[in-house]
1. Any idea what the dipole of the chain comes to, in debye rounded to 20, about its Cα centre with Lys/Arg Cβ at +1 and Asp/Glu Cβ at -1?
2. Return P(r) of segment 2-209 (all Cα-Cα pairs; 5 Å bins starting at 0; whole %; ordered from short to long distances).
3. Work out which helices of the chain, taken as complete DSSP H runs, extend at least 15 Å along their axis over the Cα atoms and score a mean Kyte-Doolittle of -1.0 or more, then list them.
4. Collect residues whose amide H, placed 1.01 Å from N in the peptide plane, falls under 5 Å from the amide H of ALA86; neighbours closer than 5 in sequence don't count.
5. So what J values fall out for segment 208-214 if you push phi through Karplus, 6.51 cos²θ - 1.76 cosθ + 1.60 with θ = phi - 60°, rounded to Hz, Gly and Pro as x?
6. Here are some pairs, LYS58/LYS123; LYS76/LYS121; LYS97/LYS135; LYS58/LYS204; LYS53/LYS121; LYS76/LYS188; which of them have Cα atoms lying more than 19 Å apart in this structure?
7. Which value at 222 nm does the chain reach when only helices count, each DSSP H run of 4 or more adding -39,500 (n - 2.57), with the total divided by all residues and rounded to the nearest 500 deg cm²/dmol?
8. Highest first, please rank the peptides 162-172, 181-191, 37-47 by the mean number of other Cβ atoms sitting within 10 Å of their residues.
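Just so it is clear, none of the values below were taken in a lab; they were calculated from the coordinates. None of the values given here were measured: they were computed from a predicted structure. In this analysis, Cβ positions are derived from the backbone assuming ideal geometry, glycine residues included, and neighbour counts consider all displayed protein chains.
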Amino acid sequence: MLKWILTFTFFLSTFVYASENNVRTNALPHTVALTFDDGPSPIYTPQVLAILKKYHVKATFFVVGANAKKYPELLKQINEDGHVIASHSQTHPLLTKLSTPSLQHEVSTPVIIIENTIGKKPKCLRYPFGASNEKVRAMIRTYGMQPVSMGFNSFDYERRGVNPLTTWVLQNAHSGQVILLHDGYDHKEQTVQALPAIIEGIQKKGLGFSTICG
């Protein structure tokens, strides 16, 4: 029986690994991908969505399962606006420090929440704090998702000011880049305030926008 289980697990992992190759985790050529972590937030997510709609930009939202469960209408709005929804774990812990049962809970629970809310499973999980190891990545793949790193870190959570944030992002924006921003938890006012200038600046560089994990 144990041999059968191990064989089936290997087959499942192999199948999932093969299927995840179809999931794009980089922005398309001549575009950048705006991504937002930690939401949804009843304060900041609606503001971000309004700005994206104004500029006709689609983005990717890596949501925390606990927040998605708490604010399902916001999750639905993100989806209805045509953005991609992916996972950022259930409670945003350091996944590399968890026991196997806790890691399984953090990876699997958001899949259920997201699918029950919008009718689609997330195709990626971005590990919190950019921390992963093979155990974490294997667990993510077991649940049919592609592990995703943070990409280019805007450091918007450091709240160094709207202008420094905008300048930092625009100086480093280039074709194919994935840009990490945040719409969840506290004190994301500067991210919201900087977003229009970031979008306009990227457009002035001759770049468009694409999503990942869709």
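1. Working: 21 positive and 15 negative charges, 79 e Å.
Dipole magnitude for the chain comes out near 380 debye.
2. Spelled out bin by bin, segment 2-209 gives 1, 8, 16, 19, 20, 16, 10, 6, 2, 1, 1, 0 percent.
3. 2-19, 100-118, 162-172, 189-204
4. Correct list: PHE61, PHE62, VAL63.
5. x, 10, 9, 9, 10, 6, x
6. Numbers: LYS58/LYS123 17 Å; LYS76/LYS121 13 Å; LYS97/LYS135 11 Å; LYS58/LYS204 17 Å; LYS53/LYS121 24 Å; LYS76/LYS188 21 Å.
Listed pairs above 19 Å: LYS53/LYS121; LYS76/LYS188.
7. Values: 8 runs with 98 residues, N = 214.
About -14500 deg cm²/dmol.
8. 37-47, 181-191, 162-172
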